[in-house]
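Quick note: the coordinates plus some simple rules give every number you see, no bench work behind them. None of these values were measured; they are calculated from a predicted model. Quick reminder, even Gly has a Cβ in these numbers, built from the backbone with ideal geometry, and neighbours come from all protein chains shown.
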Amino acid sequence: MKIICVGRNYAAHIKELQNENPNEPVLFLKPDTTILQTNHPFFIPHFTSEIDYEVEVIVRINRIGKHIQEKFSHKYYNEIGLGIDFTARSLQNELKAKGLPWEKAKAFDGSSLIGTWFDKKNFQDLNALSFSLERNGKRVQEGNTNQMLWKIDALISYISQFFTLKIGDVIFTGTPSGVGAVIENDIFVGHLDGKHAFTVKIK
Ligand code: ZN
């Protein structure tokens with residue numbers, strides 16, 4: 001399986017990183033080796049001490065598809081969840097400044113936290129889902145899928161123009177504002193529409 005990540009999908013987050021507003025979704029891939037084992041802590045990697053958390057709504061593909069029309073996108077997923085796209089921010093900024101690919105900053109081992117999957121039937125409107133991230137009991141990020149520049153169905157259609165979507169692929173749909181650095185012993189808890197999605201400790 002592969003993980004397809006969307007960058008710059010929330011206006012307030014684009015502003016906080018001083019990025020330009022994109023005309024099209026920004027996409028990047030992460031291999032399956034980035035998946036953090038369920039209930040395992042996140043270990044700050046040896047190559048940097050500057051890791052940011054990015055809480056994101058995630059979608060699990062359940063059907064193979066290519067060139068999917070947006071009106072049919074809903075047929076390609078039935079589970080939704082919440083995850084963290086851990087990012088080596090200073091390394092990413094270095095790579096960006098040099099015009100180099102981001103992989104080392106984004107696709108390192110353990111950088112993809114995938115929380116509990118929920119049947120999408122549990123939610124009334126996938127385009128109005130609130131979600132939040134708490135760090136040591138204090139809310140640090142909150143968002144709503146209604147703030148996405150490109151909504152889930154539009155993303156699936158767009159992504160499938162470039163990459164064949166396969167069963168089990170996961171889409172990280174972008175982070176809202178409020179990203180920040182993790183510190184050893186932090187505990188992060190994610191909620192999607194009021195449901196507990198994950199708890200992870202930083203080591
Ligand atoms: Zn992200």
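Just a few scattered comments:
- Given charges at beta-carbon only (K, R positive; D, E negative), |dipole| of the chain in Debye: 360 debye
- 3J(HN,Hα) couplings calculated from phi for segment 175-186 with the Karplus curve 6.51 cos²θ - 1.76 cosθ + 1.60 (θ = phi - 60°) are, in sequence order, 10, x, 6, x, 5, x, 7, 7, 10, 3, 6, 4 Hz; Gly and Pro show x.
- Top of Val55, Val170, Val26 by mean-square fluctuation, Gaussian network on the chain, Cα under 10 Å: Val26
- Alpha carbon centroid spacing (whole Å) that separates segment 143-203 from segment 43-92: 5 Å
- With the convex hull drawn around the C-alpha atoms of segment 128-203, the volume per residue stands at 124 Å³.
- For Phe86, Phe162, order by how many other beta-carbon atoms lie within 10 Å, fewest first: Phe162, Phe86
- Label-to-label distance, nm, for residues given as Gln161 and Asn21 (7 Å Cα→Cβ offset): 1.9 nm
- Equivalent-ellipsoid semi-axes of the chain, from the Cα gyration tensor, Å, largest first: 24, 20, 16
- Rounded if a/c under 1.5, otherwise prolate or oblate - segment 4-84, Cα gyration tensor axes: oblate
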